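What follows is a set of notes on a single structure, which appears directly below.
The values are calculated or read from the model by the stated rules, or taken from the named source; none is laboratory data. Just so it is clear, the model here is predicted, and its values are computed rather than measured. Using ideal geometry, Cβ is built from the backbone for each residue, glycine included, and neighbour counts are taken over all protein chains shown.
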Amino acid sequence: MSDQQQQYSFFGAVEKSFDKAAKFTKWDKGLLEQIKQCNAVYRMHFPVKIGDQIEVIKAYRVQHSHHKLPCKGGIRFATSVNLDEVMALAALMTYKCAIVNVPFAGAKGGISIDPKKYTPYELEKITRRYTSELIKKNFIGPGIDVPAPDYGTGEREMAWIVDTYASMRPGEIDALGCVTGKPVTQGGVRGRREATGLGVFYGIREVLNMPEVMGKLGLSTGVEGKTVIVQGLGNVGFHAAKFFREGGAKVICIAEHDGAVYNADGINETDLFEHKKQTGSVRNFAGAKTIATSNEALELECDILIPAALENVINGENAPRIKAKIIGEAANGPLTPEADEIFAAKGVLVVPDMYLNAGGVTVSYFEWLKNLSHVRYGRMEKRFTENQNRQMLEQVEASTGKKVTGKIRQEIIHGPEEADLVYSGLEETMITATREIMDAWKANPGIPDMRTAAYVVAINKVGTSYAELGIFP
Ligand code: GLU
């Protein structure tokens, strides 16, 4: 850990938020302490031959809690990965899963490498070796601990993980459920790729539909016409921007690590993504103004700011200059506790990470269920539902003498496919979680912000789970 990281502990920030919320719960000290701690920490070093050199790779897997099984959480590839960060992210996973009623305990993994420095072949070797280290220590398995993508990893890495696991555990019928976020051809589920960004959209949309909350912020209700700034054009930021644009908002600025682009009439994220693919940067995007740094972009006038990159980007230093009325934490830990206090005092609504970005793990849960049930969603009922819908429509048509045609006819008859069910399951999950957090906040006006309310909900659910296990009568 560098000196700077030593001074600023991400896990310490999570603990601080936890303590702030714990005061509003009824649990005794011992139980709260048990919820807070990371139960199991596995730090490993392993050798991988890169070219003709042996490189010693440092990696981690942290299981924050075991109040439910399996443990669940992504794997991150970045040079900044360190134990403190993995512990903090694992803890956030416990609270995240509790809030959205996904029956997992939190975990997180990371490999301290810069994935851009390696060829796909070398990355495959590193990923497979990491997986076999997890297998050796019983830190992976459909009923033990189920990784997923995170910063610097994606479907490709998940495919390597499942292949390594399945070949080292021959005959294990549920082997596909050892990891989520896989390509659809390797046991993945439709809708997982866009799930986190879509969940961010559903969560903010629900908040925007609350007249009381909007009244306090001086905003009209609804997504239509709202101005949005997104930081990060990775998987989460890209999809969040896409769903906001499609929902009628104006995404006026998109920022990346090397600068940002601004257009008051809105930016099309798909065109910008193409531009970035071709030029290597978002800068100089046709029709938009280039802004020198990502930090400057965060401080521009807007209704909603979506940090969708890394942690600690908004802190005590820049928070006073931020003009957004709502901050939607699509990334994990983008705000420090100091920033939280500044925004609470300014009356800015911070919609917290561990609930707002829970779309990823929610759809991971759907993928895991699909793997365990060995059947694609919609396979059994799609045609049956369509036949029923058609018969019903024909009855209505016969009794009214009117014929329904074209797109509306198709929509009425259409039986659910996998993506339809995944989207509707996610929408329901995000709406219910938003309301539950807002109700907890309303029930206790002493709670200072939405993050604390979310922690209260999470702590109560994990606490109940422990209490029901009889560990803390
Ligand atoms: N890495 C994602 C997160 O932080 C997804 C985790 C998962 O799907 O298990 O929520």
Self-check item: Candidates Val86, Val48 - the one that is assigned to a helix (DSSP H, G or I), aliphatic (A, V, I, L, M), touching a strand residue (DSSP E or B) at 6+ places or on another chain (Cβ under 7 Å) and more than 24 Å from Glu436 (Cβ to Cβ)
Solution: Val86
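Quick check on region 258-300: of everything there that is of a type in the set (Asp, Glu) and at pLDDT 95 or above, which residue is nearest to the chain's Cα centre (by Cα)?
Taking region 258-300 and keeping what is of a type in the set (Asp, Glu), we get 258, 265, 269, 271, 274, 296, 299.
Cutting the leftovers down to at pLDDT 95 or above gives us 265, 269, 271, 274, 296, 299.
On the way: Asp265: 28, Glu269: 19, Asp271: 24, Glu274: 24, Glu296: 25, Glu299: 24 Å.
Among those that are of a type in the set (Asp, Glu) and at pLDDT 95 or above, it is Glu269.
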Practice problem: Would you be able to tell me the number of residues in region 61-80 that are crowded, with 24+ Cβ neighbours inside 10 Å, among the aliphatic types (A, V, I, L, M) and more than 9 Å from the ligand (Cβ to nearest atom)? | Solution: 1
Quiz item: Are any residues in region 105-129 under 22 Å from Tyr8 (Cβ atoms) and either more than 16 Å from the ligand (Cβ to nearest atom) or modelled with pLDDT under 95 (or both), and if so, which ones?
Solution: Ser112, Asp114
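Mind listing whichever residues of region 320-333 are touching a residue at least 40 places away in the same chain (Cβ under 8 Å) and either within 15 Å of the ligand (Cβ to nearest atom) or among the β-branched types (Val, Ile, Thr) (or both)? Reasoning before the result, please.
We begin by selecting, within region 320-333, every residue touching a residue at least 40 places away in the same chain (Cβ under 8 Å); these are 324-326, 328, 330-333.
Once the filter is applied, which keeps residues that are touching a residue at least 40 places away in the same chain (Cβ under 8 Å) and either within 15 Å of the ligand (Cβ to nearest atom) or among the β-branched types (Val, Ile, Thr) (or both), region 320-333 yields Ile326, Gly328, Ala330, Ala331, Asn332, Gly333.
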Quiz item: Ala297 passes all but one of (1) touching a helix residue (DSSP H, G or I) at 6+ places or on another chain (Cβ under 9 Å); (2) surrounded by 18 or more Cβ atoms within 10 Å (Cβ to Cβ); (3) of a type in the set (Gly, Ala, Ser); which number fails?
Solution: (1)
Exercise. Output the number of the condition that Val102 fails; it satisfies all remaining conditions of (1) β-branched (Val, Ile, Thr); (2) without any contact (Cβ under 8 Å) to a residue 60 or more places away in the chain; (3) within 16 Å of the ligand (Cβ to nearest atom); (4) assigned to a loop (DSSP other than H, G, I, E, B).
Key: (2)
